[in-house]
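Written out below as structure tokens is the structure these notes cover.
The values are calculated or read from the model by the stated rules, or taken from the named source; none is laboratory data. Here the structure is a predicted model, which means the values were calculated and not measured. So basically every Cβ, Gly included, is an ideal-geometry build from the backbone, and we count neighbours across all protein chains shown. Surface accessibility is based on the protein's heavy atoms, side chains included, excluding ligands, DNA and RNA. Shrake-Rupley method; radii C 1.70, N 1.55, O 1.52, S 1.80 Å.
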Amino acid sequence: MSDIELQHRMVWADDLRFHIVEAGEGPTIVLVAGFPQSCYAWRRLMPLLADRFHVIAVDLPGQGDSDKPVDGYDTLTTGKRLRSLLKVLGEDRYVLVGHDIGAWVGYAYAHQFAADLRGVVLLDGNIPGVTLRPTITLGPDNWRNWHFLFNPIPDLPEALLQGRERILIEWFFSRKTANWRSTFSKADIDEYERVYQAPGGLRGMLGYYRAVLEDIEQNTPLMRRKIGVPVLALGGEVGSAPDLYESMQPLGRDVRGGVIAGSGHYIPEEEPEALAREISDFINGLKA
């Protein structure tokens, strides 16, 4: 798949500049990453899909090389911004794949814009107000969720993380990946460090956590009705949400999924071949 060319470009939509990466032709797949990452997270998956699909990886507002607005990081607003981008791109029928924060956006998007979706894929994300517990119990697993308390604090995270972004990134990768040294090279971490050291990078990263309470409030009424489009929910075997499929089953009319064996939280980079098979099989099973 090395001959697949990934094309980068900047696109204006909803008064924001979005950075996107595209490859391939065919039915469209939209890829949205999470924390503490960017669309670079899809670099290994895209070539595996691009021989059959048109794949678009998007830096959400606040991520990567997209603009870093001062507000609007709740998932409903983010979904509207993402849809504006896809309309500018001429996309009106696609499968949305979201990992981590991307899964938060994907859940709300499936309720907001079901008519645009053939299906939605949710990857190892604990969705605020849906599958994420509203409280953290003191105990040996606190390291998994401490950032939900730290990241929303005003000003303090920026003061402590400025110039130390790499420490944070490496900590998450080392703790939440099944085998992080075989997954992430120095060059990979350099790239994530680059985008989070850019002006507004920390604001964007933290903004999604500062909107979590708003997400919970917004998702409460959404949970009263089931997702109408087909859902593929996949957790990593040793990831943050290995039970995502079971948690999502009562929340959609057609929920498929399971666990990616041998993977931690960062499925697209840890097990891209297995993920590509799951996504391909899911799409091949959808109605035309």
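Considering the range 99-120 alone, what residues qualify as being assigned to a loop (DSSP other than H, G, I, E, B) and open to solvent by 40 Å² or more (accessible area, probe 1.4 Å)? If you could, list the steps in order and put the result at the bottom.
First pass over the range 99-120, keeping only residues assigned to a loop (DSSP other than H, G, I, E, B): 100, 113.
Once the filter is applied, which keeps residues that are assigned to a loop (DSSP other than H, G, I, E, B) and open to solvent by 40 Å² or more (accessible area, probe 1.4 Å), the range 99-120 yields nothing.
Which of the residues belonging to the range 11-25 are closer than 20 Å to Tyr73 by Cβ and either of a type outside the set (Asp, Glu) or surrounded by 12 or more Cβ atoms within 10 Å (Cβ to Cβ) (or both)? Quick ask: steps written out before the conclusion?
Looking only at the range 11-25, we keep the residues that are closer than 20 Å to Tyr73 by Cβ, and these are 11-20.
Residues satisfying the conditions are Val11, Trp12, Ala13, Asp14, Leu16, Arg17, Phe18, His19, Ile20.
Go through the range 143-178 and count every residue that is hydrophobic (A, V, I, L, M, F, W, C), within 30 Å of Ile260 (Cα to Cα) and open to solvent by 50 Å² or more (accessible area, probe 1.4 Å). Walk me through how you get there before you give the answer.
Kept after step one, since they are hydrophobic (A, V, I, L, M, F, W, C), are these residues of the range 143-178: 143, 146, 148-150, 153, 156, 159-161, 167-169, 171-173, 178.
Filter again for within 30 Å of Ile260 (Cα to Cα), leaving 143, 146, 148-150, 167-169, 171-173, 178.
Restricting the remaining residues to those that are open to solvent by 50 Å² or more (accessible area, probe 1.4 Å) gives 143, 146, 149, 167, 171, 178.
The qualifying residues number 6.
Go through the range 121-142 and report how many residues are open to solvent by less than 40 Å² (accessible area, probe 1.4 Å) and either part of a strand (DSSP E or B) or closer than 20 Å to Gly34 by Cα (or both). Break it down into steps so the answer makes sense when it comes.
Here is the first cut: in the range 121-142, the residues open to solvent by less than 40 Å² (accessible area, probe 1.4 Å) are 121-132, 139.
Subsequent filtering for residues that are either part of a strand (DSSP E or B) or closer than 20 Å to Gly34 by Cα (or both) retains 121-132.
Matching residues across the range 121-142 total 12.
When both residues are 6+ apart or on different chains and their Cβ atoms are under 8 Å apart, which pairs have a first residue that lies in the range 202-228 and is closer than 16 Å to Pro61 by Cβ and open to solvent by 50 Å² or more (accessible area, probe 1.4 Å), and a second that is in a helix (DSSP H, G or I) and of a type outside the set (A, V, I, L, M, F, W, C)?
Once the first residue is closer than 16 Å to Pro61 by Cβ and open to solvent by 50 Å² or more (accessible area, probe 1.4 Å) and sits in the range 202-228, its partners that are in a helix (DSSP H, G or I) and of a type outside the set (A, V, I, L, M, F, W, C) give Arg203/Glu158.
Take the range 260-279 and flag every residue that is surrounded by fewer than 19 Cβ atoms within 10 Å (Cβ to Cβ) and among the hydrophobic types (A, V, I, L, M, F, W, C).
Across the range 260-279, the qualifying residues are Ala261, Ala274.
I'm checking my understanding of the structure. Among residues of the range 44-98 that are assigned to a loop (DSSP other than H, G, I, E, B) and among the small types (Gly, Ala, Ser), which one is most open to solvent (accessible area, probe 1.4 Å)?
First, the residues of the range 44-98 that are assigned to a loop (DSSP other than H, G, I, E, B): 44-45, 50-53, 59-74, 89-93.
In the following step, the residues that additionally are among the small types (Gly, Ala, Ser) were identified as 50, 62, 64, 66, 72, 90.
Values: Ala50: 6, Gly62: 2, Gly64: 3, Ser66: 4, Gly72: 17, Gly90: 57 Å².
So, considering only residues that are assigned to a loop (DSSP other than H, G, I, E, B) and among the small types (Gly, Ala, Ser), the one most open to solvent (accessible area, probe 1.4 Å) is Gly90.
Do you know which residues across the range 68-81 are touching a helix residue (DSSP H, G or I) at 6+ places or on another chain (Cβ under 7 Å) and closer than 22 Å to Trp42 by Cα?
Hits for the range 68-81 are Lys68, Tyr73, Thr75, Thr78, Gly79.
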